[in-house]
Amino acid sequence: MIKKFLPLISILLIAAFALAACQPKATPTPEPVVEPTAASAEPTAVPVVEPTAAPAGLTGTITLWHSWKENEILSLNDVIAAFQAVNPDVTFDVLYVPFDDLKGKYETATATGGGPTVLIGAADWGPGFYDSTFIADLTPLVSDEFLATINPAALGAVQYKDALVGLPQTLKGVLMFRNKTIIAEPATSFDDLVAKATAANTADIQGAALEYGFFFSAAHLDGVGGKLLEANGDPAFNTEKGVEWANLINRFKETGNVFSYSDDDVSLFKAGKAGIIIDGSWNTSSLAESIGAENLAIDLWPAPLSGYVQTENIYLNANATGDDAAAGYAFIEYFLSVEAQTLLADATKAGHVPATLGVEVTDPLLQAATAAFEGGSAFPVIPEMGAYWDPLNNALKKVVDEGIDPVVALQEAYDLVVAKVAEIRGQ
Amino acid sequence: MPRKTKDILKQIGLQIFLLAITVLVMFPVMWIFSMALDSRNIDKPLDLTLIPPGASLKAFTKVLTEPFNLLCSDPGNVRSCMTFGTLLANSLLVALGTSLLSVALGASAAYAFSRFKFIGRQAGMLGFIVLLMLPATATLAPLYVLLSQIKIGAEPMRATLFGLMVAYASGTLPFAIWNLKGYFDTVPKELEEAALIDGASVTQTFFRIIVPLAVPALAVTVLFAFMAGWTEFVLAWTFLEDPSRFTLAMALRSMQGQFSTPWSEFSAMSILMSLPIVALFFALQKYLVGGLTVGGVKG
């Protein structure tokens, strides 16, 4: 009889152990230099550090986690060396973490009271991190004079719930790249783009290999005068302008093969077999390397096309305290200085588009990217944005690949987005 | 239709089917070899040519001889960067340590579950099934918390290679115990009883009678645990913070960029990384089939 109940008893025991393990006491004791963060819906109190106008006389260790690549690390080393020249008592512990693992590693470490002092990461991580009290609100630390030196559009990417969740340290986004040996002059409008692309088409070369994945094409909606979402995250794309947008993207096919989240367009471009592609600014150096910087052009968006402009941010860990936090914030502020941003804009190294105003950029491609970003659209960095990706990407695929009526496809996407937005808001 | 013709046609059909399966299995492997040989700076080949234009072993040379500049203890000093050799040493240590822990703990636990009657025996075996069904990442957070609390010197065990071995072994142990227990059940008790009558202790019986007989099952356990320790990178990237402790699997992961990946080097590294597993497989091949089938049928 007892034997019969053993499995049941075992399962109950395991469940009891599991429940016991979920109790708050299972949270580890924070490491000595770190202040534990209580799990709370309210944003955490910011570290107690004084605003630092010019970093000097600081001590402590700045642990910095990032996912930059080799050429960017060269510039990062330059910035750290310049900072340490003024602050020789500040030491650095820099760790590269692959981008796909960085967010999870930071969340796991910070949730248990640890993590780096400073994190360089994607802009759209900010709101979630702030809601989870993983990053500090920099509002009390930053002066108005300092904020006035930062590109206002970039600053929008770090303002969330009346808090400054980080600082934007570079601009990046979607650009239109052109191989000058295939298409000599930039297109002035979408119709001109189609004309130039079709004229350049040969058996081996595609005049334009246009990408229509949601991230790469959503900003065209702003270009036609519509908008993806309201400021509060509610969908705003299911309108006549939305249909106009979907029809515009469907017209991409007039140039030849189109691509959705595929590297094939980039491969064609690198192989000198595509005249124009839509891709991220982060690929500029590899594109220049493949076809020669002298043959590569970054064009202003031909009306009504547009591209998303994002920032990459630098965050201060909410667990950082004392000297480390003070040094960490001073470093963040230094990162946004003209001096540091000039180092980061070195086209032979990081080649970042500065987020700070007044930085002189000499590289022609970097100048062109900066100019193109001025005609771009700000990428929304609110949690609700997560609801839009799949439904709208699928809607575009249905319109472009399956010939579904845009009105029907957008209505389906709208219904899904509304449900997902509600889910994100916990409704 | 004559019977002979029928047989020939049947054989041809079977051969075509098997050839199709072979192509299906070999295609990704051929693709990886092709990419590893491709010296062009492209994201991926647009067509499959086994020997791509300008084929060279440049990617292999780079991976084997140049430092991994992303994995440096001091990013400003290239001498502090990991090399293939140092990564290989860490990977071997972790994989062998995981195998050793899994076999040592798994065999002794499995023997107890197979031979002794105790309260919770069935519950324990059920518990292992539950653990086997969990995805590996489900245990990431509790392992992180637990191993962070245990200190080795001033640092948490979580950030050490030993901590990584313990974490991996916690994942491989349920399979090890289940598999070995099944195998031990097939060994006649009379053999142990004879040894006991001859004056051997239970421990001696285990080591001198049971373990030698269980080599096929132990080989399977070693291979599975080694593969787990060799290829895993999610836990490793979450747990470790000192680049001098990084492993080959972590280095391979680090090659995969957010926006671009050096596919030739990535493929070359994948091929090089698979060689020790292949070698181990061949070394243990004669035990593997027996170890898996016998251990698998007896619960």
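Remarks
- Among A:369, A:109, A:154: highest mean-square fluctuation, GNM of chain A, C-alpha pairs under 10 Å: A:109
- Residue order, fewest to most beta carbons within 10 Å, for A:349, B:181: A:349, B:181
- For the range B:33-188, the fraction of alpha-carbon pairs lying more than 20 Å apart is 68 percent, rounded to a whole number.
- The amide H of residue B:258, built 1.01 Å from its N in the peptide plane, has A:99 as neighbours under 5 Å, considering only residues 5 or more places off or on other chains.
- The calculated pair-distance distribution of the range B:90-139 uses every alpha carbon pair, bins of 10 angstrom beginning at 0, and gives 22, 38, 32, 7, 0 percent.
- Shielding of peptide B:254-261 by partners, expressed as the average count of other chain Cβ atoms within 10 Å per residue Cβ, is 6.
- Amide N proximity, the range B:166-204 versus residue B:116 label position 7 Å along Cα-to-Cβ, cut-off under 11 Å: B:203
- The range B:62-297, dipole about Cα centre (Lys/Arg Cβ +1, Asp/Glu Cβ -1), debye to the nearest 20: 220
- Phi to ³J(HN,Hα) by Karplus 6.51 cos²θ - 1.76 cosθ + 1.60 over the range B:223-228, Hz, x for Gly, Pro: 4, 5, 5, 5, 4, 4
- Kirkwood Rh and Cα Rg combined as Rg/Rh, the protein assembly as shown: 1.01
- Hz values of 3J(HN,Hα) by residue in the range A:159-166 - Karplus curve (6.51, -1.76, 1.60), Gly and Pro given as x: 9, 8, 6, 6, 10, 9, 7, x
- What the Cα atoms of the range B:62-297 give is an Rg and a Dmax of 20.3, 68 Å.
- Exposure proxy for A:62, B:51, A:73, B:152: other Cβ atoms within 10 Å of each Cβ, ordered fewest to most, give B:51, B:152, A:73, A:62.
- Normalised contact order of chain A, rounded percent, pairs of Cα under 8 Å and 6 or more residues apart: 24
- Extension reserve of the residue B:96-residue B:189 stretch, reckoned as 0.36 nm per residue once the Cα distance is removed: 30.3 nm
- Normalising the average separation of contacting C-alpha pairs (under 8 angstrom, six or more residues apart) by the number of residues puts the relative contact order of chain B at 27 percent.
- The string of couplings for the range B:203-213 from the Karplus curve (6.51, -1.76, 1.60, θ = phi - 60°) is 5, 4, 4, 4, 6, 9, 10, 6, 4, x, 6 Hz, one whole number per residue in order, with x for Gly and Pro.
- Residue B:129-residue A:155 FRET efficiency (beta carbon distance; Förster radius 45 Å; 0.05 resolution): 0.25
- Cβ-derived FRET efficiency at R0 45 Å, residue A:100 paired with residue B:285, nearest 0.05: 0.80
- Ascending count of other beta-carbon atoms within 10 Å, so fewest first, for A:337, A:189, A:306: A:189, A:337, A:306
- Binning the alpha carbon pair distances of the range B:111-194 at 10 angstrom intervals from zero yields the distribution 16, 35, 28, 16, 5, 0, expressed in whole percent.
- Here, the range B:3-56 is characterised by an Rg to Rh ratio of 1.30, where Rg is the alpha-carbon radius of gyration and Rh the Kirkwood radius.
- Sparsely packed GluC sites (Glu not before Pro) within the range A:342-419, loop by DSSP, other Cβ within 10 Å at most 10: A:360
- Other-chain or far-sequence residues with amide H under 5 Å of residue A:113's (modelled H): A:37
- Among A:191, A:204, A:78, the largest mean-square fluctuation in a Gaussian network model of chain A (Cα springs under 10 Å) belongs to A:204.
- Efficiency of FRET between residue B:211 and residue B:155 - r from beta-carbon atoms, R0 35 angstrom, step 0.05: 0.50
- Among B:12, B:69, B:2 the positive-end extreme of the charge dipole of the range B:1-98 (Cβ point charges): B:2
- Size descriptors for chain A, from the alpha-carbon set: Rg then Dmax equal 24.3, 87 Å.
- Near the amide H of residue A:172, within less than 5 Å, lie the amide hydrogens of A:310, A:311, A:312, all on another chain or at least 5 residues away, with H placed in the peptide plane.
- Choice from B:122, B:285, B:11 showing the highest fluctuation, given a GNM over chain B with Cα pairs closer than 10 Å: B:11
- Extension gain, residue A:261-residue A:81: 0.36 nm per intervening residue step, less the Cα-Cα distance, totals 61.0 nm.
- Which of A:194, A:249, B:226, positive extreme of dipole for the protein assembly as shown (C-beta unit charges): B:226
Values quoted throughout were computed directly from the atomic coordinates according to the rules given, and no laboratory measurement underlies them. What you are looking at is a predicted structure, and each value in this text was computed from that prediction instead of being measured. Don't worry about glycine lacking a Cβ; one is built from the backbone with ideal geometry, like all the others, and counts go over all protein chains shown.
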